[in-house]
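The values are calculated or read from the model by the stated rules, or taken from the named source; none is laboratory data. Only a predicted model underlies this, so the values are computations on that prediction, with no experimental measurement involved. Cβ: placed from backbone, ideal geometry, glycine included. Neighbour counts: every protein chain shown. We work out accessible area using only protein heavy atoms, side chains counted, and drop any ligands, DNA or RNA first. Shrake-Rupley method; radii C 1.70, N 1.55, O 1.52, S 1.80 Å.
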Amino acid sequence: MRRIRQIRPVWLVLLLLGTAAFARDFPQPQRVADGVYVLEGAREHFSRANGGDIANTGFIATPAGAVVIDTGASLRYGQAQRAAVRAATGRDAVQVYITHAHPDHFLGNQAYADVPVQALPATAERIAQGGDQLAQNLYLLVGSAMAGTAVQAPGALAMPTPDAVAFGGRRLQLIALQGHSGADLAVFDEATGTLFAGDLVFFERAPTTPDADLPAWLDALDRLARLPVRVLVPGHGPVVRGPEAIAQTRDYLLWVQRTLREAAAQGLDMNEAMRLQAPERLRRLAVLQAEWQRTVMHLYPAVEAGSLPRLGH
């Protein structure tokens, strides 16, 4: 059963006393294929200026109603997204899928309290257990755009399913993967060849890695690359109609993996590793340096530990 939990009053007090006005306009839906719409997030870090609206979300029109993929970072976003669904499709939402348990993708769930909201079991469990802390952290980063937001944990999908799910005859493949997080759901619309890849794919923005398993992530990209994709919606960055987004994400992850291993082999400390530079082809990625520094903090300790000789050998 889905649960809605209120943010503790102290966080609401902080919000009301210490926040600046939200400035960014709500992203407008772009039609990227027949009945498929995307709301593109800002290629930035969380801030009061962007209100936390940094992730791509979307929806697919079906004869039964709209299927929504991710709900954004706040109640405000979820409400505006749902209004956009009605305006674009002439129907309300009938189903919501959450791709993974990062707050910019699920904190709009509250706006869909009367609609089935589902995620992979590990995603649903993590949101139920740790969603409050993620929400509180985001309150401190983005301020008043989060007003009224509470955590609504999704229900768990029975996965894997051997067949596509259908809404009014429109078939969607639900693909259970992992790598960016412990559980990553991709949604593939068979009618248009549109893939909502969640944060397994970034484009023109450096990937985030707080929960990353790089080998599993690379395996997931290989599986996505085998789909007959005609339109790809990354979790962050512009929509593409070719292989370039998956290729760029793979290139970045391979560089991260190789560079961390080489840094550990050379005995670099964390600060020294943070100062390493990406190759020229990756330097145009938005928020590259900041994400690289965060990646070193997230992943380097384990790489360093793995490079140490074992006692007795």
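Quick check for you: which residues of the stretch 228-253 have the amide N under 20 Å from the point 7 Å beyond the Cα of residue 284 toward its beta carbon?
232-253
List the residues, sorted by chain then number, that are 5 or more residues from residue 171 or on another chain and whose placed amide H is less than 5 Å from its amide H.
Excluding prolines and chain starts, which carry no amide H, the hits are 190, 191.
Which ³J(HN,Hα) values, rounded to whole Hz and listed in residue order, are derived for the stretch 95-107 from phi using the Karplus coefficients 6.51, -1.76 and 1.60 in 6.51 cos²θ - 1.76 cosθ + 1.60 with θ = phi - 60°, glycine and proline given as x?
Whole-Hz 3J(HN,Hα) from phi for the stretch 95-107: 7, 10, 10, 9, 6, 6, 9, 10, x, 6, 10, 10, 6.
Suppose R0 equals 25 Å; then what is the FRET efficiency for residue 129 and residue 305 from their Cβ-Cβ distance, rounded to the nearest 0.05?
That pair, residue 129 with residue 305, gives E of 0.40.
Give me the percent relative contact order of the stretch 158-313, please, defined on Cα pairs under 8 angstrom at least 6 residues apart.
RCO, the stretch 158-313: 20 percent.
Just by accessible area at a 1.4 angstrom probe, what is the order of 241, 283, 82, 226 from largest to smallest?
226, 241, 283, 82
Pick out which of 73, 265, 119 has the largest mean-square fluctuation in a Gaussian network model of the chain, springs linking Cα atoms closer than 10 Å.
265
From the backbone phi of the stretch 218-234, what are the Karplus-calculated ³J(HN,Hα) couplings (6.51 cos²θ - 1.76 cosθ + 1.60, θ = phi - 60°) in whole Hz, Gly and Pro given as x?
Running phi through 6.51 cos²θ - 1.76 cosθ + 1.60 with θ = phi - 60° gives 5, 4, 5, 4, 4, 5, 5, 5, 7, 6, x, 7, 10, 9, 10, 9, x Hz.
Quick check: the angle from helix 288-307's long axis to the longest principal axis of the chain, C-alpha only, nearest 10 degrees?
Helix 288-307 sits roughly 60 degrees off the main axis of the chain.
Select from 213, 25, 53 the residue whose mean-square fluctuation is largest in a Gaussian network model of the chain (Cα-Cα springs shorter than 10 Å).
Among 213, 25, 53, the largest GNM mean-square fluctuation belongs to 25.
Take the chain, connect every pair of alpha-carbon atoms lying under 10 Å apart with a spring to form a Gaussian network, then pick out the residue of 175, 98, 69 with the largest mean-square fluctuation.
Result: 175 has the largest fluctuation of those listed.
Can you give the calculated 222 nm mean residue ellipticity of the chain, where each DSSP H run of n ≥ 4 adds -39,500 (n - 2.57) and the sum is split over every residue, rounded to the nearest 500 deg cm²/dmol?
-11500 deg cm²/dmol
Taking the Cα centroid of the stretch 232-291 and of the stretch 44-104, what is the distance between the two, rounded to the nearest whole Å?
27 Å
Label residue 25 and residue 140 with points 7 Å out from Cα along Cα→Cβ: what is the distance between them in nm?
The two pseudo-label positions are separated by 3.3 nm.
How high is the relative contact order of the stretch 77-188, given as a whole-number percent (alpha carbon pairs under 8 Å, six or more residues apart)?
The normalised contact order for the stretch 77-188 reaches 26 percent.
Let me check against my output: what whole-number percent is the relative contact order of the chain, with C-alpha pairs under 8 Å and at least 6 apart?
16 percent
Return, ordered by residue number, the residues of the stretch 173-188 whose backbone nitrogen is under 15 Å from a label point located 7 Å along Cα→Cβ of residue 257.
Zone members listed by number: 178-181.
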